[in-house]
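What follows is a short report on a single structure.
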Amino acid sequence: MKKLLKFFLFILFAFVAYQSFLFIKEYPGSADQVEYEVNAETLPTELHPFVAEKTEILKEKTAEKGITILITDDYRSFEEQDKLYDKGRKTPGNVVTHMEGGESYHNFGLAVDFALQLENGNVIWDTEYDGNNNGQSDWFEVAEIAKELGFEWGGDWRGFRDYPHLQMDFGLTINDLQEGKRPKYPG
């Protein structure tokens, strides 16, 4: 009986290890072992190809559930970030970010913001809206799909919750990115 139990535990462990390997291979944004290169001389000027690819998949998967999303922002230059940071501080409007230029994953092409788009073309940021009438918030359905694709969702953050924000950090911190580390394209 003990041998059978040990064998069963071994098989269970092997299965879990294999599933973990598959998850990390499929979602490298969630793994700490992502390969990166150092390039301190140049900054990205567009969305990282892997993030762009996963963003398109997100649009497709949400559309399959009857939810249309609009990507309202993706790559953002340091200057654009500073202008956004000034909103509600130096210029009129509400505070929309707590990150200055060079402090956001948008500045390194690793983040996107989304909103819901209605059939009439209007764009909304209503986290309770249930346009597909399935009893669930469309916003939270989008967030769940995004997380399944390897995105981190700003709505899960402690403190300032950034509900439209999705990012893939590839295991790199903002300090890493400021020092020139760039995630390699895993494709």
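The values are calculated or read from the model by the stated rules, or taken from the named source; none is laboratory data. Fair warning: this is a prediction, and the values are worked out from it, not measured in the lab. All Cβ positions, glycine included, derive from the backbone under ideal geometry; neighbour counts span all protein chains shown. The protein model used for the area step is the full one, side chains on, heavy atoms only, and it has no ligands, DNA or RNA in it. Shrake-Rupley method; radii C 1.70, N 1.55, O 1.52, S 1.80 Å.
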*State all residues of the range 76-105 that are free of Cβ contacts under 8 Å to residues at least 40 places away in the same chain and part of a helix (DSSP H, G or I); if no residue qualifies, say none.*
PHE78, GLU79, GLU80, GLN81, ASP82, LYS83, LEU84, TYR85, ASP86
*Would you pick out the residues in the range 45-75 that are open to solvent by less than 40 Å² (accessible area, probe 1.4 Å), assigned to a loop (DSSP other than H, G, I, E, B) and under 19 Å from GLN178 (Cβ atoms)?*
LEU47, HIS48
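Of everything in the range 106-122, what is touching a strand residue (DSSP E or B) at 6+ places or on another chain (Cβ under 8 Å) and either assigned to a strand (DSSP E or B) or of a type in the set (D, E, K, R) (or both)? Give them in sequence order.
Restricting attention to the range 106-122, the residues satisfying the condition of being touching a strand residue (DSSP E or B) at 6+ places or on another chain (Cβ under 8 Å) are 106, 108, 110-118.
Correct list: ALA111, VAL112, ASP113, PHE114, ALA115, LEU116, GLN117.
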*Given the structure, is GLN81 open to solvent by less than 10 Å² (accessible area, probe 1.4 Å), more than 16 Å from the chain's Cα centre (by Cα) and under 23 Å from ASN39 (Cβ atoms)?*
yes
